[in-house]
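Report on the structure given below.
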Amino acid sequence: MTDRMTPPQRLVLTVAILGSFVAFLDSTIVNVALPAIARDLGGGLSTQQWTVDAYLVTLGALILVAGAVSDAFGRILVLRIGLIGFGIASLAVALAPDPLLLVIARAVQGAAGAFLVPSSLALITATMRDPVRSRAIGIWTAATTGAMIVGPLVGGLTVDYLSWRWAFVINVIPIALALWLLPRLAYRDERAPGARIDVVGALMCTLGLGAGVFALIEQPTAGWASPAIWVPGLAGILLLAGFVWRQRRVAHPILPLDLFRSRNFSAGNLATLFVYAALSLNGFVLAVYLQQGAGLSATLAGLASLPTTLLMIALSSRSGALAGRFGPRLFMAAGPIVMAVGALLLLLVGERFDYWWQVLPAMIVFGLGLAATVSPLTAAILGAADPARSGIASAVNNAVARVAGLLPIAALAAITGGGLDLAGFHRAAIVTAVLLVIGGVVSLVGIRNPSHPAAGSSDQRRT
């Protein structure tokens, strides 16, 4: 079966890439801009953590709602809501006068971002089948990873020569182009009869994540014995437990637990938890330490991971196509192990900093592993769900990825030993490597290749 796309499928892929591009662009820009934001608005490490985690909390919680809405009311509707909301929130971030309003605007931006990635991937899944789907997901991965070049480069130059505020205005350009292309798609939304959304469950998930993350971030300042820490921490645990309990009983859950009966879906999401926790920790620590510890400018710190990005763009489409033909298991097992080696190479960073010998080798090895991992991982998880539920399947996976991303940032003080000096940087590199190894082992043990991946089977639910 050919993996060549038709013109309507290529237009779907273009819209899906643009819809997700802004979310990836923002995540890379914000890491580079963190030191400048803290200098301008104050608040130190806490402001930097909340700038990242306020976005990830609402993104991780509401992405499930977005996935359910996408399946119930239509992918294009959800994508349009996300694009408009993300554009407005980006402008609000750029205009924020103090840390509080910045964090609020970032939370709104995360809420809008929740509507982007799941609906984008669901468009691909709804209009394509393997091996075309696996190739399209590989191209989507490679193209959206281009934001990892544009983000650090443009963000760094903007921070150094204009202001960090202008870096967020850039989001408007791909948003406008995506909104212009949406009406030109041949695909049309179909509303599911009797569709309902579990609003109470969404509130429980959002408040539970927010309370838990607040406790983790503020704990180093007040200590676990403070009621201001343990009360929201306990409340967060109870709300999240109640959310899971409710999803087992509500008629229209935003987290359909029966999806996890699929071995590939459950194992893939568990692997996602560890891999994306490692990616988030590595990206945050590298961008901040290279500026505050190694003394690089925002532009140079942003460009430090350029080799990783180039390898992702060059190889992701190919790894996605190979995984569509031969199955994802080997790629998902070996890729994180290779990334772990790259993370450990960052232990070469010393007091006398030299990018070419201490960081570049790590970025190359990390990029090879990342390119081998992401497309097969995404394709395996989406392929394990029924196409009619592709929106919620994509949303669950993205929610797992975003929650995984916020947890190590919230617990950064515990990981680094209290400060992001050289010793703390090395501790973070070791934790990153451990998380990646666990992700690779989970994939090796849990993932099963489809019986005939090259034959275009969309059923990867072998248990």
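Derivation of every value follows stated rules applied to the coordinates shown; laboratory data play no part. Being a predicted model, the structure only gives us computed values, none of them experimental. Cβ placement follows ideal geometry from the backbone for every residue including glycine, while neighbour counts extend to all protein chains displayed.
The calculated Kirkwood hydrodynamic radius for the range 285-341 is 13.4 Å, given to one decimal from all distinct C-alpha pairs. FRET efficiency for the Arg39 to Leu234 pair, using the beta carbon distance and R₀ = 41 Å, is estimated at 0.70. Annotation note: trypsin sites (Lys or Arg not before Pro) in the range 1-81 located in DSSP loop regions with a Cβ neighbour count of at most 15 within 10 Å are Arg4.
If I stretch the segment between Phe326 and Trp224 completely, what's the gain in nm (0.36 nm per residue apart, minus their alpha carbon distance), one decimal? Don't skip to the end; give the middle numbers.
Values: separation 102, 0.36 × 102 = 36.72 nm, distance 4.92 nm.
Result for the pair: 31.8 nm of gain on full extension.
Each label was represented as a point 7 Å from its Cα along the Cα-to-Cβ direction; for Leu203 and Leu360 these points are 5.6 nm apart.
The range 21-56 and the range 290-324 have Cα centres spaced 19 Å apart.
Could you estimate the translational diffusion coefficient of the chain from the Stokes-Einstein equation, with Rh from the Kirkwood formula over C-alpha pairs, at 37 °C and 0.692 mPa s, in whole µm²/s?
Working: Rh = 21.8 Å.
Result for D is 150 µm²/s.
Taking θ as phi - 60° and the Karplus parameters 6.51, -1.76 and 1.60, the scalar couplings of the range 311-327 work out to 5, 4, 5, 6, 10, 4, 4, 5, 5, x, 5, 5, 5, x, 8, 10, x Hz in sequence order, x denoting glycine and proline.
What is the calculated FRET efficiency for Arg352 to Asp421, with r their C-beta to C-beta distance and R₀ = 25 Å, to the nearest 0.05?
Numbers: r = 15 Å, r/R0 = 0.59.
Rounded to the nearest 0.05, the efficiency is 0.95.
As a calculated quantity, the FRET efficiency between Ala241 and Leu100 at R0 = 30 Å, using C-beta atoms, amounts to about 0.50.
Determine the gain in length on full extension of the stretch Ser163-Arg263; use 0.36 nm per residue of separation and subtract their C-alpha separation, reporting nm with one decimal. Each step should come with its number before you reach the end.
Details: separation 100, 0.36 × 100 = 36.00 nm, distance 4.75 nm.
Roughly 31.3 nm would be gained on extension.
Scattering from the range 1-97 was approximated by placing one identical point on each alpha carbon and applying the Debye formula without solvent; log10 I(q)/I(0) at 0.11, 0.16, 0.20 1/Å stands at -0.46, -0.82, -1.09.
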